[in-house]
Amino acid sequence: MNLLWKTLLDLKEPAILIRLFIPFAVGLVMVSLLGYGLFGLFFTSDLVTQSPMVQDYQSWEAQAETTIGTIPLIGGMILWFIGLSIAIIAGVIGVILSSYLVLIFAMIITGFMTDSIVKVIHDKHYPDTDYKGHGSMLGMLWKVIKFALLMLLLLIITLPLLFIPLINIVWFWLIGFLFFRYSVVLDVGQVILPEALFQKLKGVTNWEPSGVVAILFGLSVFPVISLFAPVLAVIALSHYYFEQLSLESDQIS
């Protein structure tokens, strides 16, 4: 909670506020014009609506409704309950997917500002702690792409889980969290930490930073908040990594 409190306190800094609202402004425009527009056109196109899979599902749905509807007394109630359950599940998954879309745009924009955000945190709170970082931008992008493909493969393999109520929501959230955490930790860690210290601190079982990132990612289920989540995560991890780098420097000296 200490990291989260430090992050919130930094929001009063003009330099942080400016960087906080850049992803909000740019991401809102990009998501509105590109994201939702393209997704809307895709899902209403003949490519989707006339596909064999969709046609088979619609045929199965009609047959199931006819069969269940013939059950005396409770047939209508069963159909109503099934329809309500599907609507709720589809709504929740829709909110999660839309928040993921917004979050991805915000993460891309924030990635270009990480160096400047780290510098603001350093100059204000840790001016006596030198940092050099490690790795390269291309190397980081390649690692993020590989991890994203791994998460996508995992999602495809576990696709049946998406049809189980509650489990599908938890599984969706977990996959999104793992990708969000991996990307932000790699981005901030490469800017601040030497490679040896980064390897020591990057694990998901490093509960202090992982807990804060989990809270911020959990809040990002709301599409508007998800535009701020990456910047807040960068601030929180910057504090944590600078603190650990200071402790490491003190031990060496």
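The values are calculated or read from the model by the stated rules, or taken from the named source; none is laboratory data. In this text, all values refer to a predicted model and were calculated from it rather than measured experimentally. Using ideal geometry, Cβ is built from the backbone for each residue, glycine included, and neighbour counts are taken over all protein chains shown.
Considering only residues that are among the hydrophobic types (A, V, I, L, M, F, W, C) and surrounded by fewer than 15 Cβ atoms within 10 Å (Cβ to Cβ), look in the range 109-137 and name the one that is nearest to the chain's Cα centre (by Cα).
Among residues in the range 109-137 that are among the hydrophobic types (A, V, I, L, M, F, W, C) and surrounded by fewer than 15 Cβ atoms within 10 Å (Cβ to Cβ), the one nearest to the chain's Cα centre (by Cα) is PHE112.
For the range 211-223, check the following and say yes or no: at least one residue is surrounded by fewer than 22 Cβ atoms within 10 Å (Cβ to Cβ) and over 25 Å from VAL102 (Cα atoms).
Looking through the range 211-223, none of the residues is surrounded by fewer than 22 Cβ atoms within 10 Å (Cβ to Cβ) and over 25 Å from VAL102 (Cα atoms).
Given the conditions (1) touching a helix residue (DSSP H, G or I) at 6+ places or on another chain (Cβ under 8 Å); (2) modelled with pLDDT of 85 or more; (3) not aromatic (Phe, Trp, Tyr), which single one is not true for LEU138?
Only one criterion in (1) touching a helix residue (DSSP H, G or I) at 6+ places or on another chain (Cβ under 8 Å); (2) modelled with pLDDT of 85 or more; (3) not aromatic (Phe, Trp, Tyr) is unmet by LEU138, namely (1).
This table checks each residue for (1) farther than 20 Å from VAL231 by Cα; (2) at pLDDT 85 or above.
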site	(1), (2)
ILE169	yes, no
PHE179	no, yes
VAL184	no, yes
GLY189	no, yes
GLY203	yes, yes
